[in-house]
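Asker: Below you will find the structure I want to go over with you.
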Amino acid sequence: MLIMIKAQCHCGNIELTTEYLPDEYTVCNCSICRRLATKWMYYKTDEVRVTHNKESTHTYVWGDKCIAFHHCPLCGCATHYTSEPNWEFDRIAINANMLDPNLIEFLKIRRFNGADM
């Protein structure tokens with residue numbers, strides 16, 4: 001049986017689906033992640049499907065321009081980030097805060113010191 005994990009923004013406009021939960025999520029303290037209060041779960045880009053109901057995500061790219069932070073233009077939730085095409089990683093990160101809290105409560109928390117990078 002195939003189980004789909006669904007993450008969505010507050011208004012339900014943006015939805016991300018995948019077939020599994022990772023073993024952990026990452027909390028980063030860099031200047032953007034600490035402001036967004038995100039918890040990142042990492043996947044390969046072909047492991048996540050991103051859909052929208054009314055409007056597609058808006059993005060914010062800064063610094064070394066290798067990550068595009070996506071948010072819902074309607075409710076403002078930071079839903080995920082994508083790596084830029086020429087970056088060394090083929091990665092999409094789902095903000096675990098977009099999932100039902102019961103799904104992530106037992107995941108290991110990895111702390112990443114992005115502030116000193």
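The values are calculated or read from the model by the stated rules, or taken from the named source; none is laboratory data. Predicted model only: the values in this text are computed from it and were never measured. Here Cβ is always computed from backbone atoms with ideal geometry, including for glycine, and neighbour counts include all displayed protein chains.
Asker: Applying the selection to region 91-116, what residues are exposed (fewer than 10 other Cβ atoms within 10 Å of the Cβ) and among the basic types (Lys, Arg)?
Answerer: Of everything in region 91-116, those that are exposed (fewer than 10 other Cβ atoms within 10 Å of the Cβ) and among the basic types (Lys, Arg) turn out to be Lys108, Arg111.
Asker: Looking at Cys66, Cys9 in this structure, which one is surrounded by 12 or more Cβ atoms within 10 Å (Cβ to Cβ) and either small (Gly, Ala, Ser) or in contact (Cβ under 8 Å) with a residue 60 or more places away in the chain (or both)?
Answerer: The unique qualifying residue is Cys9.
Asker: Mind checking which residues of region 60-71 are within 17 Å of Cys9 (Cα to Cα) and more than 12 Å from the chain's Cα centre (by Cα)?
Answerer: Residue satisfying the conditions is Tyr60 alone.
Asker: Still on this structure, I have one more. Might you check whether a residue that is more than 21 Å from Tyr20 (Cβ to Cβ) and within 15 Å of the chain's Cα centre (by Cα) occurs anywhere in region 81-104? Steps first, answer last, please.
Answerer: Keep residues of region 81-104 that are more than 21 Å from Tyr20 (Cβ to Cβ), which gives 84-88.
Still in the running and within 15 Å of the chain's Cα centre (by Cα): 84.
So far as region 81-104 goes, yes, one or more of its residues are more than 21 Å from Tyr20 (Cβ to Cβ) and within 15 Å of the chain's Cα centre (by Cα).
Asker: Continuing with the same structure: Among the residues of region 13-20, are any in contact with a Gly (Cβ under 6 Å, 6 or more places away or on another chain) and either crowded, with 16+ Cβ neighbours inside 10 Å or under 24 Å from Pro73 (Cβ atoms) (or both)?
Answerer: Looking for residues that are in contact with a Gly (Cβ under 6 Å, 6 or more places away or on another chain) and either crowded, with 16+ Cβ neighbours inside 10 Å or under 24 Å from Pro73 (Cβ atoms) (or both), one finds none in region 13-20, hence no.
Asker: What residue, of Tyr43, Tyr60, Tyr25, Tyr20, is of a type in the set (Ser, Thr, Tyr) and over 19 Å from Ser83 (Cα atoms)? Steps first, please.
Answerer: Details: Tyr43 fails: over 19 Å from Ser83 (Cα atoms); Tyr60 fails: over 19 Å from Ser83 (Cα atoms); Tyr25 fails: over 19 Å from Ser83 (Cα atoms).
Just a single option satisfies the conditions, and that option is Tyr20.
Asker: Restricted to region 32-58, and to residues that are hydroxyl-bearing (Ser, Thr, Tyr) and surrounded by 13 or more Cβ atoms within 10 Å (Cβ to Cβ), which residue is modelled with the lowest pLDDT?
Answerer: If we take residues in region 32-58 being hydroxyl-bearing (Ser, Thr, Tyr) and surrounded by 13 or more Cβ atoms within 10 Å (Cβ to Cβ), then Thr45 is modelled with the lowest pLDDT.
Asker: Which of the strands (runs of 3 or more DSSP E) contained wholly in region 9-105 include at least 2 residues that are farther than 21 Å from Ala115 by Cα?
Answerer: Passing ranges, in order: 14-18, 49-52, 58-61.
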